[in-house]
1. Looking for whichever is under 16 Å from A:Arg217 (Cα atoms) and either surrounded by fewer than 22 Cβ atoms within 10 Å (Cβ to Cβ) or modelled with pLDDT of 90 or more (or both) here; the options are A:Ile63, A:Ile44, A:Ile82. Which one fits?
2. Restricting attention to segment A:106-123, does a residue exist that is in contact (Cβ under 8 Å) with a residue 12 or more places away in the chain, among the small types (Gly, Ala, Ser), closer than 29 Å to B:Gly222 by Cβ and in contact with a Ser or Thr (Cβ under 6 Å, 6 or more places away or on another chain)?
3. Name the pairs whose Cβ atoms lie under 6 Å apart, with the first residue in segment B:157-171 and aromatic (Phe, Trp, Tyr), the second surrounded by fewer than 22 Cβ atoms within 10 Å (Cβ to Cβ), and 6 or more positions between them or separate chains?
4. Quick one: which of B:Ser64, B:Ser21, B:Ser99 is surrounded by fewer than 20 Cβ atoms within 10 Å (Cβ to Cβ), within 19 Å of the chain's Cα centre (by Cα) and part of a helix (DSSP H, G or I)?
5. Could you list all residues from segment B:166-213 that are facing chain A (nearest Cβ under 10 Å) and surrounded by fewer than 17 Cβ atoms within 10 Å (Cβ to Cβ)?
6. Does segment B:149-173 hold any residues that are over 21 Å from the mean Cα position of the chain (by Cα) and in a helix (DSSP H, G or I), and which are they?
7. Out of (1) crowded, with 24+ Cβ neighbours inside 10 Å; (2) closer than 18 Å to B:Tyr151 by Cβ; (3) touching a Phe, Trp or Tyr at 6+ places or on another chain (Cβ under 6 Å), the odd one out for B:Thr242 is which?
8. Here are B:Leu124, B:Leu138: which of them is under 23 Å from A:Asn33 (Cα atoms), more than 9 Å from chain A (Cβ to nearest Cβ) and crowded, with 18+ Cβ neighbours inside 10 Å?
Amino acid sequence: MKHASKAVRYTLIIMICLMCLIPFYILLVLALNSPQRIFYEGNIFLPDFDWQNFVLAWNKSKIGTAMLNSALITFGTLALTIVTGGLAGYAIARRNTRYNKFVFGLLLSCMMIPGIINTVPLYTLMQRIHAVNTLWGMILVCSTLALPSAVFIYSTFIRALPKELDEAAALDGCTGFSTFWRIIFPAIKPATASFVILNGFGIWNNYAQAVFFLQSRSKQNIPQALSIFFQQFGGGDWHLMASTAFIAIVPVVVIFLIFQKQFIKGLTDGALKG
Amino acid sequence: MQKKRIDYSQFLSLPALILFSVFFVYPLLKGVGMSLTNWDGMGKASFVGFKNFIDFFADERAISDIRTTLIFAVGSAVLLNLVGLGYAVLMNSSFRGKSLARVIIYLPAIISPLIMGYIWYFLLQPGRGFLYHAFQQLGLPDLIGNWMSSYPSALAVLVLVNVWQFAGMTMIIYLAGLQSISGDVLEAALIDGATPWQRFYRVTLPLLMPAIRINVVTNIIGSLSVFDVIMSLTEGGPGYATESLSIYIMRMCYGSRTGYSTAVAMILFLIILVPVLISMRLTKSKA
């Protein structure tokens, strides 16, 4: 009886895992099929191993530029939100004045509002300050969307730190800012990890804002590059579309696999605190 | 008289406040104003009162978009939680390869929903899709139909793809919730003679409430603004049948109906406010 239930459990888990992996395998098959390949012939689960597709896709789709842009946007956004959000979280946790209560209340009440709600009026503002089709503009947009989450995570983690840390720093002559930067910030690395994990992939994958703010081909991020390539150049060339999509997911998959342990831990830490 | 010194370090939150006010709060308030105008994005705007809102509810496409958005959100939230909880119960024991399985099941969730939509498009496209030919080779040609070209089935596919992609995320939260339940409680129930189902229903489930609340609320709110996966998998088609409100906002904005599109955004905002307020209420009553 015990054996049987164990076998059932294993079988189910293996089936779920296969269900999660098969679409990726099929994407790889499609990416490696030659342009002449028609599905009816031969074993469709076995690709033609036409590696040339990846070279062609890379050159035609400009996905390399898009990857660099996505990386710069993600890095810039995370840096800006960690600094501003960390400082705000510190002020909120340690200087609970009326002003800081207001800041926290404002950010918290906007935490659940998705970006699409204010994207159109934001677009007119961005046009006026010449921030459309710039990476710094996109960094500002993504930062405001991630900021409430950063402030929430940082203030929660900092509240849990003993106040003696601050007092000792003050005795040593630290000001508010240097206390945060030298003492508090290094002590809450798990908060930073949690924030990066909860928000990093979302910024990297952003499409709903990119569609408005990154229209020029030299500035587009990965999703925007893919969607434009598929609409304008892909057409019937499924082998090129598939190989571009495959290239596009490689960086996130690699990063996820490298950091998977910290990832799962940070995800549960951050989510259950929220 | 001694002057009270102001503690300047309380203003360390100022950079965040400025950033957020300029790029979030200001556009949000401006959107309220814009939603009452007929602005086309270029010329002069004139005040039209609630005309945009009246137009919205008179527009069949808009009403269908509301329906699509709500069905997608509620369907996704229900299925994501059932599937995620099922996965978590299945995974909540120690076995060899557990962390590998967890990584595999979570993997789809880190990938852009836009790209996921494209991948499923390759699989399901009528006539040409991979699964169509795979089932034909396996001798099961009737198993996959022309799902993408009719309304209820195209929407069902979108919900299922969304569930397939994010079930791992709900699973991780439920796993953490399950692991926080102490073995003593379950053992006590066992000693009292509770059946496995009673133990799950009467002990585990109530103790899992915080995780359930987090998952349901985030899934509903996230799905109400769905954009990416629909853009790549159906482009809102057939016709406008699977268009969501977010996509409608973008298309109206590009269609030079800027004022109208901000009115639609306000309506979506009000819709999203409902689960937000309910969740805040629930959190408060707990505390």
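1. On the way: A:Ile44 fails: under 16 Å from A:Arg217 (Cα atoms); A:Ile82 fails: under 16 Å from A:Arg217 (Cα atoms).
Unique residue meeting the criteria: A:Ile63.
2. no
3. B:Phe166/B:Ala109
4. Values: B:Ser21 fails: within 19 Å of the chain's Cα centre (by Cα); B:Ser99 fails: within 19 Å of the chain's Cα centre (by Cα).
It is B:Ser64.
5. Listed by number, the residues that qualify are B:Gln179, B:Ser180, B:Pro210.
6. So in segment B:149-173, the residues over 21 Å from the mean Cα position of the chain (by Cα) come out as B:149-150.
Within segment B:149-173, just B:Ser149 meets the criteria.
7. Single failed check for B:Thr242: (3).
8. Values: B:Leu138 fails: crowded, with 18+ Cβ neighbours inside 10 Å.
That would be B:Leu124, the only listed residue that is under 23 Å from A:Asn33 (Cα atoms), more than 9 Å from chain A (Cβ to nearest Cβ) and crowded, with 18+ Cβ neighbours inside 10 Å.
The values are calculated or read from the model by the stated rules, or taken from the named source; none is laboratory data. Everything numeric in this text was worked out from a predicted model, so none of it was measured. Because the Cβ atoms are built from the backbone with ideal geometry, glycine has one as well, and the counts that use them run over all protein chains shown.
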